[in-house]
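S.K.: What follows is a single structure, and I will ask about it in a moment.
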Amino acid sequence: MNNSTKRLPAEWEPQDAVLLTWPHAKTDWAGCLEAAQQTFSEIEAAIRRFEAVVLVRPDAFNLPSNDTWSRDFGPISIEENGQPVLLDFTFNGWGGKFAAALDNAITQKLYANGAFDQTRLRTVDFVLEGGSIESDGEGTLLTTAACLLNPNRNPNRSKPEIEALLKKELGLHTILWLNHGYLAGDDTDSHIDTLARLCPDKTIAYVACDDPADEHYAALNAMKAELEQFEGYRLLPLPWPAAQYDENGERLPATYANYLVINGAVLVPTYNDPADEAALAVIANAFPGREIIGIDCRTLIRQHGSLHCVTMQIPAGVLG
């Protein structure tokens, strides 16, 4: 099938719903379950002001789950010949770091339960997480080499083979690769949604570090230099929150880039940090006309992810 018949929508396009997977006692949230469920409740309530929520939990879809990172095991939705199609890629727990068999089965089970109405589901034999790709809806993808080229994902495929598969399955003509940038405490091998995000009107919002004493300074400035080489983009630096640590002294991956765009709004992770307000202002600049809603995600980063990581948008037309 010709690439021109396929398109990977941008996140800011109209949506039917957002997928959420509820934290429970058998997940890694067990030690802070009440706080995690409170954060998820706040995210769910904010989304429901604007659109529906597809909720994986015992009293909704009774599906077992290893964890709650819907961004990475949820369906990736494309348009094919003008119709929505759901793609079910393989999720292997970010390169085999964590158990993932239950999560990898969720999309198929939701489909079998009729959660996606009449929309077709196609399985793609390729390891890919939603948090590792950013689309502008016009055939350009932004991603990181550290994740997509990592041998813990698709070890038998070269970079040209991976590019060819992504272009074929997602209807792309351009893939922009970042070779620099990371966050300490991140388990995903540098998912793009923690570092740099495509926004409307050829804009990229990216994590910037202006503290030479911070361990991220060199890598994030090298990433900025790469972004500056991409032709024709307006770059919006996101502020850098103060370092946050867990009880073992491990740094947590606090990032303002991990926001979620929904119909009429953007949900932005905040960290009770002086930089929160500045981050909200940058994202308002990137998404004019949308309500900007901050949600305290200090609990989420305790499990090394944030707001975008626990959500997956379902584009308009998928649910009928």
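S.K.: Among the residues of the stretch 74-84, which ones are surrounded by fewer than 22 Cβ atoms within 10 Å (Cβ to Cβ), in contact (Cβ under 8 Å) with a residue 24 or more places away in the chain and not in a strand (DSSP E or B)?
M.R.: Result: Asn81, single match.
S.K.: Are any residues in the stretch 88-102 assigned to a helix (DSSP H, G or I) and touching a residue at least 40 places away in the same chain (Cβ under 8 Å), and if so, which ones? Don't jump to the end; show me each part of the working.
M.R.: Taking the stretch 88-102 as the starting set, the residues that turn out to be assigned to a helix (DSSP H, G or I) are 93-96, 101-102.
Those that are assigned to a helix (DSSP H, G or I) and touching a residue at least 40 places away in the same chain (Cβ under 8 Å): Trp94, Gly95, Gly96.
S.K.: Got at least one residue in the stretch 179-187 being under 18 Å from the mean Cα position of the chain (by Cα), aliphatic (A, V, I, L, M) and buried (at least 21 other Cβ atoms within 10 Å of the Cβ)?
M.R.: For the stretch 179-187, residues under 18 Å from the mean Cα position of the chain (by Cα), aliphatic (A, V, I, L, M) and buried (at least 21 other Cβ atoms within 10 Å of the Cβ): present.
S.K.: Another question about this same structure. On the given criteria, is Arg71 among the basic types (Lys, Arg) and surrounded by 17 or more Cβ atoms within 10 Å (Cβ to Cβ)? Steps first, please.
M.R.: Details: among the basic types (Lys, Arg): yes; surrounded by 17 or more Cβ atoms within 10 Å (Cβ to Cβ): yes.
When the stated conditions are applied, Arg71 passes them.
S.K.: Return the residues of the stretch 147-168 that are assigned to a helix (DSSP H, G or I), touching a residue at least 40 places away in the same chain (Cβ under 8 Å) and either crowded, with 20+ Cβ neighbours inside 10 Å or of a type in the set (Phe, Trp, Tyr) (or both); say none if nothing qualifies.
M.R.: Cys147
S.K.: Could you run through the stretch 245-289 and say how many residues are of a type outside the set (Phe, Trp, Tyr), touching a Lys or Arg at 6+ places or on another chain (Cβ under 8 Å) and surrounded by fewer than 17 Cβ atoms within 10 Å (Cβ to Cβ)?
M.R.: 4
S.K.: Here is a list: Ala286, Ala254, Ala316, Ala278. Which entry is under 19 Å from the mean Cα position of the chain (by Cα), modelled with pLDDT of 95 or more and within 15 Å of Cys209 (Cβ to Cβ)?
M.R.: On the way: Ala286 fails: within 15 Å of Cys209 (Cβ to Cβ); Ala316 fails: within 15 Å of Cys209 (Cβ to Cβ); Ala278 fails: under 19 Å from the mean Cα position of the chain (by Cα).
Just a single option satisfies the conditions, and that option is Ala254.
S.K.: Name the residue that is nearest to the chain's Cα centre (by Cα), counting only residues in the stretch 191-211 that are surrounded by fewer than 24 Cβ atoms within 10 Å (Cβ to Cβ) and in a loop (DSSP other than H, G, I, E, B).
M.R.: Residue satisfying both the conditions and the ranking: Pro200.
S.K.: While we're here: For the stretch 122-146, what are the residues that are in a strand (DSSP E or B), of a type in the set (D, E, K, R) and over 15 Å from Leu227 (Cα atoms)?
M.R.: Within the stretch 122-146, Arg122, Asp125 meet the criteria.
So that you can scan it fast, the table gives a plain yes or no per residue for (1) in a helix (DSSP H, G or I); (2) modelled with pLDDT under 95:
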site: Ala46; (1), (2): yes, no
site: Val53; (1), (2): no, no
site: Leu63; (1), (2): no, yes
site: Thr68; (1), (2): no, no
site: Leu86; (1), (2): no, no
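S.K.: Somewhere in the stretch 29-37, is a residue touching a strand residue (DSSP E or B) at 6+ places or on another chain (Cβ under 9 Å), crowded, with 21+ Cβ neighbours inside 10 Å and among the aliphatic types (A, V, I, L, M)? Walk me through it before giving the result.
M.R.: Just the residues of the stretch 29-37 that are touching a strand residue (DSSP E or B) at 6+ places or on another chain (Cβ under 9 Å), to begin with: none.
Checked against the condition, which is being touching a strand residue (DSSP E or B) at 6+ places or on another chain (Cβ under 9 Å), crowded, with 21+ Cβ neighbours inside 10 Å and among the aliphatic types (A, V, I, L, M), the stretch 29-37 yields no hits at all.
S.K.: Still on this structure, I have one more. Checking Asp210 against (1) closer than 26 Å to Gly93 by Cβ; (2) of a type outside the set (Lys, Arg); (3) modelled with pLDDT under 95, only one condition comes out false. Which one?
M.R.: Unmet for Asp210, out of (1) closer than 26 Å to Gly93 by Cβ; (2) of a type outside the set (Lys, Arg); (3) modelled with pLDDT under 95: (1).
S.K.: Which residue pairs have Cβ atoms closer than 6 Å, lie 6 or more positions apart in sequence or on different chains, and pair a first residue in the stretch 114-138 that is more than 18 Å from Thr174 (Cα to Cα) with a second residue that is of a type in the set (A, V, I, L, M) and in a loop (DSSP other than H, G, I, E, B)?
M.R.: Listed by first residue and then by second, the contacts come to Phe116/Val318; Asp117/Leu319; Thr119/Val318.
The values are calculated or read from the model by the stated rules, or taken from the named source; none is laboratory data. Owing to the predicted nature of the structure, the values given are computational and were not obtained by experimental measurement. Cβ coordinates were reconstructed from backbone atoms using ideal geometry, including for glycine residues, and neighbour counts include every protein chain displayed.
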